[in-house]
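The numbers here are math on the coordinates, done by the rules we state, and not lab data. Treat the numbers as computed from the prediction; the structure is a model and nothing was measured. Note: ideal-geometry Cβ built from the backbone for every residue, glycine included; neighbour counts use all protein chains shown.
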Amino acid sequence: MGADDTVKNRSKQVKGKAKEVTGQATGNKKMEWSGKKDMAAGEIKERSS
């Protein structure tokens, strides 16, 4: 895995966390779950590489 992939995966995790927190703050469950999904996808890609 290259450094570029690591950065992309971590940025996806950070964006996911931001979406999750925003969803929680606004009461938007759809955004919250979307953020959790993005975080998990980034973590899976990072671990599999």
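Counting lysine pairs in the chain whose alpha carbons fall under 12 angstrom apart, excluding pairs fewer than 8 residues apart on the same chain, gives 12.
The candidate values are (1) 37, 14, 9; (2) 52, 18, 13; (3) 100, 21, 11; the one derived from this structure for Cα extents along the principal axes in Å carries the label (1). Selection among I44, A3, T22 by position relative to the dipole of the chain gives T22 as farthest towards the positive end (Cβ unit charges, Cα centre). Computed from Cα positions, the angle between helix 3-26 and the longest principal axis of the chain comes to roughly 10 degrees. Taking the 0 to 90 degree range and rounding to the nearest ten, how far is the long axis of helix 29-48 tilted relative to the main principal axis of the chain, both from C-alpha atoms? Taking the Cα atoms of the chain, the angle to 29-48 is about 10 degrees.
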